[in-house]
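Below is one structure; the comments refer to it alone.
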């Protein structure tokens, strides 16, 4: 009976939002936990669950230091995240690589609202979700796979894909990389290295004999939200690095799926600046994923302020554009980074990450404390556009319906601010050697 009532509520929400929301935009940044970004803001505004203290393994507590603008290095593999959670005690962070006492507890730091003024102002004005968790304890490649497929498709996602003897060596992680990733056919099953590619056996078998993978693969095809949108005649775009070698191409989503990379869908993966142009012109597609360049990513060893400037620029372009009244923006991070968070994840989910929901139909100055995950953004999209669910995960996911009021007076956008980066820091960032794909 409860499940039926929840399903009915989701259908009603979808139909109600369908007339108001015609554009869903996901701004997907890199590597931060909720307390790392919003712990101090929550305590200041007293409407969300944040912390300024961390508990260590010996039972002592440590006040979270102010993070420098250059994001500290910290391990964020599956092993590191599992160690940090420590069975739900949330006291294992000093076991994370780069986070020992000898290294000044780099992952036990957090930002003041003044360091990330755009994100902080958006969180104050619109909706904060303080219970959005990773779908799994995985790093970036797995998190990007889940973002559009609501599944890891058997990939463990515990590390970036690796070269395993292939001669391709393209600048990326997906089907065109020649890299392999750890894969398991079922929980507890044997682990093997398979091409880091979701195959599509509907491709030309002569040109793509392995479904688009570079060699034989045991991985099965799974559909994506892009496939669902295509079938419904809806427009979508992935704003990211469009070609191998461009900054952030490893985070690009299309190359992971042969059914995207080797079909006309690839044309929907365009450069980062496209989101600014389309927002200003009132040409937003129905569904967008906005990924950053390295410099704008807020990744470890990058500038938090430069990323905040980018987020502010994207939201300002949408807010000042013709599509504002029909748009819902979700601003979040792909994994924890892995920085401290004090909330134990619910069973089956990963560490809590920041989430701000921006829309003229978002409830003003509200906190949504219903348990959500990356799959919740897919659930929202599917219910607003009457699309089928991809997996059991997005079918059962909370869709942020409590964050919206489609009967309220529409909210106005807020102006962005720009943080100036110091010259010494800029020099460091200019001279830093970056991976050409992603991590």
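A few notes on this one:
- Highest-fluctuation residue, 428, 105, 210 considered, GNM on the chain with Cα pairs under 10 Å: 428
- Estimated at 0.36 nm per residue, the fully extended path between residue 371 and residue 281 surpasses their Cα-Cα distance by 28.8 nm.
- 5 Å binning of all Cα-Cα separations within the stretch 162-296, expressed as whole percents from 0 upward: 2, 11, 18, 20, 19, 15, 9, 5, 1, 0, 0
- Shape category assigned to the stretch 312-353 from the gyration tensor of Cα positions, a/c cut at 1.5: prolate
- Considering only Cα atoms, the convex hull volume of the stretch 364-426 works out to 176 Å³ per residue.
- Cβ crowding within 10 Å, taken as a proxy for footprinting-reagent exposure, orders 41, 119 from fewest neighbours to most as 41, 119.
- Comparing mean-square fluctuations of 394, 180, 412 from a GNM of the chain with C-alpha springs under 10 Å, the top value falls on 412.
- Note on 246, 218: ascending count of other Cβ atoms within 10 Å places them as 218, 246, the fewest first.
- Its Cα gyration tensor gives the chain an equivalent ellipsoid; the semi-axes, largest first and in whole Å, are 29, 27, 22.
- Stretch gain in nm, segment residue 82-residue 424, where the contour uses 0.36 nm per residue and the Cα spacing is subtracted: 119.5 nm
- Pairs of Cα atoms farther than 27 Å apart, the stretch 236-382, %: 26 percent
- Simple label model, 7 Å out from Cα along Cβ direction - residue 204 to residue 405, nm: 5.6 nm
- Cα gyration tensor shape for the stretch 245-292, rounded if a/c is under 1.5, else prolate or oblate: oblate
- Label zone (residue 65, point 7 Å along Cα-to-C-beta; backbone nitrogen cut-off 18 Å) within the stretch 337-362: 338-341.
- Fully extended contour minus Cα-Cα distance, from residue 52 to residue 392, at 0.36 nm per residue: 118.8 nm
- In range of the label at residue 192: residues from the stretch 205-235 whose backbone nitrogen is under 18 Å from the point 7 Å along Cα→Cβ: 209-222
- Prolate/oblate/rounded call for the stretch 144-229, Cα gyration tensor, a/c under 1.5 rounded: rounded
- At q = 0.20, 0.22, 0.24 Å⁻¹, base-10 log of I(q)/I(0) for the stretch 216-309 (Debye sum, equal scatterers on each alpha carbon): -1.03, -1.15, -1.26
- Restricting attention to the chain, close to 45% of DSSP beta bridges with both partner residues there are antiparallel.
- Ratio Rg/Rh [Cα only; Rh per Kirkwood] for the stretch 79-129: 1.14
Read-outs: derived from the displayed coordinates by stated rules, not from any lab. Treat the numbers as computed from the prediction; the structure is a model and nothing was measured. All Cβ positions, even for glycine, are placed from backbone atoms using ideal geometry, and neighbour counts span all protein chains on display.
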